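Enquirer: I have a structure I would like to understand better, so I am pasting it below and will then ask my questions one at a time.
What follows is calculated from the coordinates using simple rules that are stated; it is not laboratory data. Please read all numbers here as calculations on a predicted model, not as lab measurements. Cβ: placed from backbone, ideal geometry, glycine included. Neighbour counts: every protein chain shown.
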């Protein structure tokens with residue numbers, strides 16, 4: 001296969017297991033003509049809170065099988081996610097060896113390779129051994145990936161029409177705020193407050209977040225995959241090989257947003273804020289040191305003596321200052337996102353309370369920032 005197959009007429013329903021199974025088998029027969037439908041097993045997986053994720057295994061023989069994932073987009077998620085960018089980002093990631101193969105794009109989702117392993121628990125994100133792996137992999141993302149190459153792919157996919165492309169976090173947040181309803185006085189007031197805050201925070205921090213990178217923007221525990229048998233507390237445990245999955249929110253942003261957002265995700269969906277590392281504290285500094293050292297290794301613009309270079313404390317200080325300046329932005333970003341989800345999503349999750357919790361992070365940061 002030379003590239004992902006486009007199956008525009010196929011739809012995988014978000015509910016009804018039997019209909020899902022039939023739809024997935026029909027889809028996979030289109031994508032893999034040699035597969036026999038009666039040898040495909042379909043299993044519903046738990047995972048993200050915005051999509052339907054299905055695992056499909058084709059039994060080639062008694063000892064051979066092939067597994068792929070089928071992800072169907074949640075209702076209304078096109079309001080908040082650029083599916084064309086997601087598709088092109090996945091293609092670019094795979095080209096650079098940072099994502100599984102992308103086999104097909106259908107009307108409401110993707111078919112792609114299955115990454116062997118397990119998602120880490122959010123309580124594991126602060127493990128000193130795992131820190132090394134995650135920091136190094138994110139450094140590889142930030143130095144190897146090329147936003148201009150992704151944009152070129154997007155132009156090809158859209159026949160050269162780029163009028164509606166969202167190219168940075170400020171444009172995205174403005175779009176999200178614009179999508180909020182304005183039918184009541186309270187809703188109108190909410191939009192006005194968020195619009196003013198977006199303008200203020202943009203003017204304050206947009207140039208203080210370090211270099212712009214292709215950021216994952218959703219590096220929570222469920223999107224960090226480690227070998228299935230890796231145990232962080234095992235004696236003589238070594239840093240595991242990690243893979244990042246789910247590229248829905250990947251976007252060019254200052255690196256400080258991706259880092260601050262990852263640290264905020266240490267709290268999990270349960271919002272256990274005590275697990276968030278202290279801003280600029282020893283745990284975060286060690287994470288940052290590993291990240292910066294790995295960035296030198298992967299920077300294609302540096303000479304071959306990268307391995308001999310070391311990171312100074314001033315380098316770490318500068319990175320910590322970038323993160324501290326952007327510390328409130330993840331709360332603002334996900335606060336808007338979850339406000340929209342509370343309106344459009346059919347998933348059983350208390351988005352309204354989650355929005356309040358995340359916005360509180362932003363207001364607390366702003367209060368400290370203005371002191």
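Enquirer: In whole angstrom, note down how far apart the Cα centers of region 131-150 and region 222-300 are.
Expert: Rounded to whole Å, the Cα centres lie 12 Å apart.
Enquirer: Turning to a different aspect of this structure: Calculate the translational D of region 165-214 in whole µm² s⁻¹ from Stokes-Einstein, where the hydrodynamic radius comes from the Kirkwood formula applied to all Cα pairs, the temperature is 37 °C and the viscosity 0.692 mPa s.
Expert: Details: Rh = 12.1 Å.
The calculation lands on 271 µm²/s.
Enquirer: Given the alpha-carbon gyration tensor of region 118-369, what are the semi-axes of its equivalent ellipsoid in whole angstrom, ordered largest first, with each equal to the square root of 5 times an eigenvalue? Intermediate results must be reported in sequence, preceding the final value.
Expert: On the way: eigenvalues 184, 98, 72 Å².
Working from the Cα gyration tensor, I get semi-axes of 30, 22, 19 Å.
Enquirer: Sticking with the crude label model, points 7 Å out along Cα→Cβ, report the distance from residue 346 to residue 96 in nm, one decimal please.
Expert: Those two pseudo-labels are separated by 3.6 nm.
Enquirer: Exposure proxy check: 5, 152 ranked by fewest other beta carbons within 10 Å?
Expert: Final ranking by Cβ density, sparse to dense: 152, 5.
Enquirer: Would you calculate a helix-derived [θ] at 222 nm for the chain, using -39,500 (n - 2.57) for each DSSP H run of n ≥ 4 and dividing by the full residue count, to the nearest 500?
Expert: Values: 11 runs with 163 residues, N = 371.
Computed mean residue ellipticity for the chain: -14500 deg cm²/dmol.
Enquirer: Moving on to the next point. At 37 °C and 0.692 mPa s, what whole-number value in µm²/s does Stokes-Einstein give for the translational diffusion of region 59-109, with Rh from the Kirkwood sum over Cα pairs?
Expert: 254
Enquirer: Per residue, how big is the convex hull around the C-alpha atoms of region 179-279? Give it to me in cubic angstrom, could you?
Expert: Enclosed volume per residue, from the Cα hull, is 171 Å³.
Enquirer: By count of other Cβ within 10 Å, fewest leading, how are 195, 338 ordered?
Expert: Arranged by neighbour count, lowest to highest, 195, 338 become 195, 338.
Enquirer: Largest first and in whole Å, what are the equivalent-ellipsoid semi-axes of region 1-141 based on the Cα gyration tensor, each being the root of 5 times an eigenvalue? Intermediate results must be reported in sequence, preceding the final value.
Expert: On the way: eigenvalues 141, 69, 55 Å².
Listed largest to smallest, the semi-axes of region 1-141 are 27, 19, 17 Å.
Enquirer: Can you sort 170, 365, 176 so the residue with the fewest Cβ neighbours within 10 Å comes first?
Expert: 170, 176, 365
Enquirer: Return the ratio Rg/(2.2 N^0.38 Å) for region 253-353, where Rg is computed over Cα atoms only.
Expert: My calculation over the Cα atoms of region 253-353 gives 1.34.
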